[in-house]
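Values in this text are rule-based calculations from the coordinates and carry no lab data. Keep in mind it's a predicted model, so treat the numbers as computed, not measured. Cβ placement follows ideal geometry from the backbone for every residue including glycine, while neighbour counts extend to all protein chains displayed.
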Amino acid sequence: MRVVLLRVGIDTGCGGVLGPLFKDRSFEYVPIPDEQGIDGRTYGNMRGRHRRKLIDYFPDGRRETMSRQSIHFDPEFRTFTYGDPKTPKTSLQRLSKRSLLVFYAGLKGWGFKFPPALYIIGYFEVTEAGLAASFNRAALRKFRNNFHVMHQSVFKRQKESLVLVKGGGRSRLLRRAVKISSTGRDRLATPCTSCRRKCRGYSEASRVTQESSAARRGGWLHNSQSARRGSCCHSSENPHHGRSS
């Protein structure tokens, strides 16, 4: 099977902060901003699994501005869809059934001091993947909760290059994050974060590789006590949907 690692979620380069990590290793998945400003979901009107509004995880000085900022929910963990029109992600269309698309994010201790690191936060067990243009209308309905499909102006513009991935019933947003990086210093003695040995051998989205079935049996993947199926966020009014635009 193929296993692909893909970085998602807000970070210091896209949104200005890292996602929150709690003392019990649970976390909040905070999606990146919607730079087009077309989505009605904002950091101010969406709540996470811990029932706090997502805006609460921003510094005080940025809350007024970011409270009205639209959110780009992708991936979304209600119906397990991901979409991306960017060229480096075109290899995702070659993911076959039962391949794994594993999402990781930058997280930092919230409410306690804990340094930033990279963590696996969830995964899709792929049921189908391909270019949006190759799906018929019935197949596209499976992706109706995806940011790139639900907004018709976006879909019309990106359809020919948009890669869509659908996860099945065994897909998960983890309850507890799994650390895959360590903090050290580079040759210039500048603090840096690098992946630890446990994630070597998996591919980034631009290099899809074949993996053995042993990868599927990894403790972080099918630990029923640290994973759950379902929504990552809920709107203040209605339930609803990283790194793509």
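Taking residue 53 as the anchor, which lysines have their alpha carbon closer than 24 Å to its alpha carbon, excluding any fewer than eight residues away along the same chain? Partners within reach: 23, 108, 113.
What do you get for Rg/Rh over region 86-180 if you use C-alpha atoms and the Kirkwood form of Rh? Can you show the working numbers first?
Numbers: Rg = 15.8 Å, Rh = 15.0 Å.
Using Cα coordinates only, the ratio equals 1.06.
How much net charge surrounds residue 142 when only other residues with a Cβ under 13 Å from its Cβ are counted (Lys, Arg +1; Asp, Glu -1)? Show your work: numbers first, answer last.
On the way: positive: 78, 137, 141, 144, 166; negative: 76, 128.
Around residue 142, the surrounding residues sum to +3.
Residue-normalised convex hull volume from the C-alpha trace of region 101-143: 100 Å³ per residue. Highest mean packing first, where packing is the average number of other Cβ atoms within 10 Å per residue, the peptides 73-81, 167-175 line up as 73-81, 167-175. Ranked by how many other Cβ atoms sit within 10 Å of their own Cβ, fewest first, the residues 104, 57 fall in the order 57, 104. Descending by average beta-carbon neighbour count within 10 Å, the peptides 149-159, 14-24 line up as 14-24, 149-159, the highest first. Residues 38, 32, 10, 71, ranked from the fewest to the most other C-beta atoms within 10 Å, line up as 38, 32, 71, 10.
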